[in-house]
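Input: a single structure, listed below in structure tokens.
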Amino acid sequence: MRITHHPILGEPKKGKKVIFNFNGKNVEGYEGEPIAVALMNAGVWVHRYTKKKHDPRGLFCAIGRCTDCVMVVDGNINTRTCITPLTEGMDVWQQDGLQSVNQ
């Protein structure tokens, strides 16, 4: 599901394969790629739920302008996962309103 050749950016440079935590489960991704890309490749489309209506949200703009992809990353709420590079051992949780879904 990863883009292998982008018409403008060319071929993405892949880092080493790493393991990170998503909602308490181990997931694989490539170091340096946006967290949202690794999650999308793992079949995760819902990143957060809205505060009032609990509507699901996921990757939308992919350039850090909207807040649809925000998640709790290493304990920090509202982290824009579309522009945050993945690193080994990150702790990533879906966000429910302004807190982690595991709280």
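Can you put VAL44, VAL73 in order, fewest other beta carbons within 10 Å first?
Fewest to most other Cβ atoms nearby, the residues stand as VAL44, VAL73.
Taking every DSSP beta bridge that has both residues in the chain, what percent is antiparallel when rounded to the nearest 5?
The antiparallel fraction comes to roughly 80 percent.
Which of CYS61, LEU86, ASN21 sits farthest toward the positive end of the charge dipole of the chain, with +1 on the Cβ of Lys and Arg and -1 on the Cβ of Asp and Glu?
Final value for the positive-end residue is CYS61.
Taking the highest mean first, how do the peptides 80-89, 50-59 order by number of other beta carbon atoms within 10 angstrom per residue?
Highest to lowest by the protection proxy: 80-89, 50-59.
Using a Förster radius of 30 Å, what is the FRET efficiency between ASN102 and ILE63 based on their Cβ-Cβ separation? Nearest 0.05, please.
Efficiency, rounded to the nearest 0.05: 0.60.
Nearest 20 debye, what's the magnitude of the dipole of the chain about its Cα centre given +1 on Lys and Arg Cβ and -1 on Asp and Glu Cβ?
Value, rounded to 20: 260 debye.
Give me the count of lysine pairs in the chain whose alpha carbons sit under 30 angstrom apart, restricted to pairs 8 or more positions apart or on different chains.
7
Bear in mind that the values in this text are calculations on the coordinates, not laboratory data. In this text, all values refer to a predicted model and were calculated from it rather than measured experimentally. FYI the Cβ positions are ideal-geometry reconstructions off the backbone, even for glycines, and counts take in every protein chain you see.
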